[in-house]
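No value in this document is a laboratory result; all are computed from the given coordinates. Predicted model only: the values in this text are computed from it and were never measured. As a convention, Cβ positions derive from the backbone with ideal geometry for all residues, glycine included, and neighbour counts pool all protein chains shown.
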Amino acid sequence: MTFSCRRCGTCCTKIGGRFSKKEIELIERGFRNLEKRGIRLLIDPKDMSVPLFPDEIEVMLGLAEEIGIDFRPRPKLVKDGEIIEWDLGYSRCPFYDEERGCMIYSHRPLACRAFPVIKIVDHFELLDLCPEARKFKGRDIEREFPQECIYAERFFERIEREKRRLLQEGAGAGIRTRATGLGSQRHNL
Ligand code: SF4
Ligand code: SF4
């Protein structure tokens with residue numbers, strides 16, 4: 001049995017409040033260290049949806065304007081008054097269309113590309129939200145989800161890079177980010 005997205009849309013329409021208790025604990029642990037360094041988390045992990053890098057926000061805002069969508073992402077992490085990471089801000093993604101699926105599929109954010117995989121420090125985990133992925137619990141994630149693992153790895157590396165930069169330089173040179181790796185989506189148009 002290999003993973004096959006059945007395009008149920010769950011990962012795009014039930015995003016907020018979707019994390020399991022264990023996932024919330026992992027998220028909170030990750031943020032605790034940042035808080036010690038003056039980075040404030042503005043969203044309760046229970047309400048988080050898709051984490052977005054600043055350049056992704058820019059692309060999505062542009063696409064939203066083109067398509068005619070009222071897209072209002074939420075600031076998520078702030079340091080010295082500067083927003084360094086965003087959250088999609090919706091439980092149901094405004095870019096999701098019942099018939100077409102993701103309307104920005106080829107531009108979807110990294111977290112959506114990695115879904116249902118996240119990287120936690122040195123290993124990959126599957127997010128509970130995806131009903132198909134649940135069938136793979138206990139299996140070799142890298143083998144069963146090779147493409148998603150590549151994106152999850154990229155996501156993780158980017159977070160780590162940004163985190164290092166933030167901690168070395170402090171906030172101040174534009175909007176920066178750090179995220180927790182929970183996005184959505186595998187189904188196509
Ligand atoms: S990846 Fe998303 S659309 Fe595909 S089966 Fe999982 S929850 Fe459903
Ligand atoms: S894949 Fe597309 S529709 Fe789904 S959450 Fe991501 S951006 Fe939204």
Using just the C-alpha positions of the chain as equal point scatterers, what log10 of I(q)/I(0) does the Debye formula give at each q in 0.10, 0.12, 0.14, 0.17 1/Å?
-0.37, -0.54, -0.75, -1.11
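Kirkwood Rh over alpha-carbon pairs of the stretch 80-145, then Stokes-Einstein at 20 °C and 1.002 mPa s: what D in µm² s⁻¹, rounded to an integer? Mind dumping the intermediate values first?
Working: Rh = 14.2 Å.
Calculated translational D: 150 µm²/s.
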For the stretch 111-141 and the stretch 83-99, what is the separation of their Cα centres, given in Å?
20 Å
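Take each complete run of DSSP H in the chain, measure how far its Cα atoms stretch along the helix's own axis, and keep only those covering 18 Å or more with mean Kyte-Doolittle hydropathy at least 0.0; list them.
What comes out of the filter, once short or polar helices are dropped, is 54-67.
Looking at the stretch 96-131, which GluC sites (Glu not before Pro) are in a loop (DSSP not H, G, I, E or B) and have at most 14 other Cβ atoms within 10 Å? Mind dumping the intermediate values first?
Details: sites: Glu98, Glu99, Glu125; in loops: Glu98, Glu99.
Taking the stretch 96-131 and a limit of 14 other Cβ atoms within 10 Å, the loop GluC sites (Glu not before Pro) found are Glu98, Glu99.
Identify the trypsin sites (Lys or Arg not before Pro) of the stretch 94-149 meeting these criteria: DSSP loop state and at most 15 other C-beta atoms within 10 Å of the C-beta. Could the numbers behind the result be given before it?
Values: sites: Arg100, Arg113, Lys119, Arg134, Lys135, Lys137, Arg139, Arg143; in loops: Arg100, Lys137, Arg139.
Here the trypsin sites (Lys or Arg not before Pro) that fit, given the DSSP loop and packing criteria, are Arg100, Lys137, Arg139.
With an 8 Å cut-off on Cα pairs and a minimum separation of 6 or more residues, tell me the relative contact order of the chain in percent. The partial results should precede the final answer.
Working: 326 pairs, mean separation 58.4, N = 189.
It rounds to 31 percent for the chain.
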